[in-house]
Every structure is written in C-alpha cells, then in structure tokens.
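The values are calculated or read from the model by the stated rules, or taken from the named source; none is laboratory data. This is a predicted model, so every value here is computed, not measured. A quick note on method: Cβ atoms are made from the backbone with ideal geometry, for glycine too, and the neighbour counts reach across all protein chains shown. Just the protein is used for accessible areas: all its heavy atoms, side chains included, with ligands, DNA and RNA removed. Shrake-Rupley method; radii C 1.70, N 1.55, O 1.52, S 1.80 Å.
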Amino acid sequence: MSRQKLFTRELAHAMLSVDWTIEAQKKQIEKTLGFLPQWAEPLLQAVHKQFADINPQISAQNLRRFIITHPYFLQAWRDHSKSLRIRRYTLSPGASTTPLIECDIPKLESTDNLAAWLGISKPRLEGFADTRGLERKYSQPHQQHYHYLWKPKRVGADRLLEIPKSNLRAIQRQIHTEILQHIPLHPACHGFRRERSCVTFAQAHCSERRVIRMDLRRFFTSVPLRRIHAIYSGIGYRTEVARLLSGLCSNQTPYDVLRTNHKSKWRQNQQFTAPHLPQGAPTSPALSNLAAWKLDVRLSALMKHMDGNYTRYADDLAFSGDYSKAEANNLVNLVRCIVEDEGFTVNHRKTKIMTLASRQRLTGLSINQHVNYPREKYDELKAILYNCGRFGPTSQNRRKHPNFKAHLQGRVAHVHSINPQRALRLQRLFDRIEWD
C-alpha cells in the first residue's frame, strides 16, 4: 500500500472513531496529524454532504476512497505531502469483528460514566486497565493484577493460565454479565454460550460420510488489543470508553513469568507480551467468540456453498458432508486460508478427516450414528467408581485431584448430559462410595 493510501486510511479511521459531527472530527484530525490543516474543514463539509444519508454507517474503505479522490485532498497532497504524516494512530472501528447492533447494554457516554458504573475512581480504572503497560514490567506478584500458572499439556508447549485477582475479576464479571452476554453470537458458535454445549456442537455432524476436525492454535492469545477495541467500538462505545474496556479485558504477561518456562518459544512469548485475551479471565470466552464472528460468517458461507455443515466450539472447528477424499483435502486447504486471513492459525497436527468406517469423534463424543459417550471411557469411569466403593476413593485418585469427589461428580454429570440412561448406573455406584 502506498504512503498516500496509508495516510488516507488513517484519516478515515480518525473520522469514524468519534461522533459524526464536523467539530468532533476536526479535533480528532488535529490529534492524528498534530495540527489542523486548512483543507480539513472544507473536506469534512464535502464528506458530510456526500454521505448525509448513511453518516456513521459508512465503511472506512468507502470513506478512504472518497478522500483520496477529492480535489481538496489532492491539492494538499501535491503541495505538502512531505510534511503530512500520522502523529497518532486510531484503533479503527472499521476493523470491527461484530456487526453494529443495538442491544440492552449500559449507555456509557464517557470515562466518568464507566468509572461510576464500575464503582471505582478514575485513577483506579486507569490502573486496572493498565493503560501504561506496566503489568509486563512488574516482577513482584503483589504488584501484578493476575496470578500466573503454567499447566503442562500432553503435546507441545505448556499452557499459561492468567487468573485475575479478586478486584479485577469482579470488574470483569460485571462487564461479562451486563455487556458481553447481551451481544448476539453467530449461530455456528456453540462454546461458552447459554443453551449450547459440546452435544449441540456435535449433533450437526452425525451420520455424515466425512467429518473434518480442525483446531485453532493459541486461540485466546491470537486475539490482539485492536480486535477487542473493535468489538466495543462496534457495539457503540466511544473511543476512550472502548479503550478502557479493552484494557480491563486484556493483559500483557510479565517478562519474568515467561522466563520461568523454558518450553515457551520466542513467537509465543511475543504474543504474551503484547496485549491479548488472558486465559482465565471471565470475559475472555465471550470476547473470543465475538472476535471470531467474521470467521464464523465466512466458514458458514463456504459450507453452505459446498452443501456441508459447520460448527465451532471455542477453538475446535468441525465440518461435515458427503465428500470424497480429494474434496475433503481441498476443503481443509480452503479453511486454512480463511482462518489465516482472519488472523488465527490452524494447528495442523490436530487436523483429522474421519469417515463413517472409522471412529468419528468431536469433543470426545462419538458421532457415527448419534451423539453418545464413548464406550471405552464409560467403562473406565465405571471401573473407577466400582473400585472407589470397594477399596476406597484414595486408592483411585492417581492424579492427586485436590477434590476427587467433585471431580467424579462432574464426570458423572457430563455423562448424564449426554446419555441419562447410562448415567443412572454410574450414579448408583457413586452413591455407594464412603467418603472421608
């Protein structure tokens, strides 16, 4: 992209980031360029005249095209192109991953309103939002807003859990409950939402000739600050309010935390030190679903064109249809291109094409004929419960779960949500266990 196109793109972003008035846009242009040029007001008047019918709903691309061809701008560029430069970049609402919608969310017109709504002072709000990027520089745990815990995975680098401390967690829960839960999600999304589950995620792919399972690598950390900002801008919040909300829901991992894990690679560390969605925050699941809105739109359109099915459960993607082996491989390549174009990455080691002749599994569930709990896992859990009743629960807690009773209760409840009849026998075995 040429320097002229880059300049006009940032100019369009600046104009769209504030109220659709000439005065507000003049101030934003002055912040963006460092001064207010003489041609700014005539250009703004021409823009408002041209787009009077659609005003703020104009896209950044269409606005940029109008600016770059207008005589006022062309003359200014010919005379002063060397001195015209962007002094301050704007996080663009044009990069929004969700549609501009009206929903039942708090009307926060200013940062004062946001602080009052959260019940904290403005300095504390700025501190929790970490607008100065101090979190990644702190080395002492009492200075940090998060607890950090490395969890080993079966394959690959360890997973970093970033768990917010109580005060920040309460703020994030309020944002999640009163804002994020009210924003509609794409129908293909089944994870982290009400009345959807791993069962509904798998049901669309039962008895299909071929089922393709794909996985997104580092799903949460792949969502950068600009994308979080675009979500809040897309639902109607002004730039400063969206900036603080984005800061409250993102994190920059301290350098000292990354140094403690030798398995983490340089590229992974770069994602952690940049503002990202922390895995462990109450707001991250909902924001990741909203960040993947456009990905869901494009993949759903692709599968509609190919007469197939598509669903997503967090970072798990599932596709199915009456495809040959060659068609399935071609579909995998198309999906990979779309995923990478949307800023995510496919974990190729977890990509799997399953036929009806083999065991078809999604999120650990069998889907060859209908959604069911796998027989071998059911037998394993039944044996554990039986031995707990016979030899005591301590003898079966080989992985040293701190609350083994709750762990087994959760596994039985999971089977009940999939196949209630098979869960009855498990529940009877669980009831016979004598707990200390």
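Assorted remarks:
- Residue match in segment 168-181 (condition: out of contact with any His (no Cβ under 8 Å at 6 or more places or on another chain), at pLDDT below 90 and farther than 30 Å from Ser320 by Cα): no
- Residue within segment 336-346 that is open to solvent by 20 Å² or more (accessible area, probe 1.4 Å), within 30 Å of Lys294 (Cα to Cα) and part of a loop (DSSP other than H, G, I, E, B) present: yes
- In the set (1) open to solvent by 80 Å² or more (accessible area, probe 1.4 Å); (2) of a type in the set (A, V, I, L, M); (3) in a helix (DSSP H, G or I), the condition left unmet by Ala357 is number (3).
- Yes/no for Pro285 being touching a residue at least 12 places away in the same chain (Cβ under 8 Å) and either in contact with a strand residue (DSSP E or B) (Cβ under 9 Å, 6 or more places away or on another chain) or open to solvent by 40 Å² or more (accessible area, probe 1.4 Å) (or both): no
- Residue, modelled with the lowest pLDDT, within segment 130-162, restricted to residues that are open to solvent by less than 60 Å² (accessible area, probe 1.4 Å) and among the aliphatic types (A, V, I, L, M): Ala157
- Within segment 326-339, residues that are closer than 14 Å to Arg213 by Cβ reach partners that are among the aromatic types (Phe, Trp, Tyr) and modelled with pLDDT under 95 with beta carbons closer than 8 Å, at six or more positions or on different chains, in the pairs Leu331/Tyr323.
- Restricting the first member to segment 16-43 and to residues that are free of Cβ contacts under 8 Å to residues at least 24 places away in the same chain, and the second to residues that are in a loop (DSSP other than H, G, I, E, B), the beta-carbon pairs closer than 7 Å and six or more apart or on different chains are Ala24/Val18; Gln25/Val18; Lys26/Leu36; Ile29/Leu36; Glu30/Leu36.
- Answer from Arg173, Arg210, Arg193 - the residue that is out of contact with any Phe, Trp or Tyr (no Cβ under 7 Å at 6 or more places or on another chain), among the basic types (Lys, Arg), within 30 Å of Val335 (Cα to Cα) and surrounded by 14 or more Cβ atoms within 10 Å (Cβ to Cβ): Arg193
- Answer residue from segment 36-55, given it is exposed (fewer than 13 other Cβ atoms within 10 Å of the Cβ) and on the phi < 0 side of the Ramachandran plot and is modelled with the lowest pLDDT among those: Ile54
- Some residue of segment 383-396 being modelled with pLDDT of 90 or more, in a helix (DSSP H, G or I), surrounded by 12 or more Cβ atoms within 10 Å (Cβ to Cβ) and among the β-branched types (Val, Ile, Thr): yes
- The condition (being out of contact with any helix residue (DSSP H, G or I) (no Cβ under 6 Å at 6 or more places or on another chain) and among the β-branched types (Val, Ile, Thr)) is satisfied by just one residue among Val371, Val332, Val346: Val332.
- Residue in segment 5-24 that is in a helix (DSSP H, G or I), farther than 15 Å from Ile86 by Cα and not hydrophobic (A, V, I, L, M, F, W, C) present: yes
- When Leu114 is tested against the conditions (1) open to solvent by 20 Å² or more (accessible area, probe 1.4 Å); (2) aliphatic (A, V, I, L, M); (3) at pLDDT 80 or above, the lone failure is (1).
- Test: residue in segment 234-244 that is of a type in the set (D, E, K, R), within 26 Å of Ser17 (Cβ to Cβ), in contact (Cβ under 8 Å) with a residue 40 or more places away in the chain and crowded, with 23+ Cβ neighbours inside 10 Å: no
- Hits in segment 303-330 - residues which are farther than 20 Å from Ala357 by Cα and crowded, with 16+ Cβ neighbours inside 10 Å: Met303, Met306, Tyr310, Thr311, Arg312, Tyr313, Ala314, Asp315, Asp316, Leu317
- Scanning segment 309-329 for residues that are within 22 Å of Asn289 (Cα to Cα) and of a type outside the set (A, V, I, L, M, F, W, C) returns Asn309, Tyr310, Thr311, Arg312, Tyr313, Asp315, Asp316, Ser320.
- Enumeration of residues in segment 412-432 that are open to solvent by 60 Å² or more (accessible area, probe 1.4 Å), among the charged types (D, E, K, R) and part of a helix (DSSP H, G or I): Arg425, Arg428, Asp431
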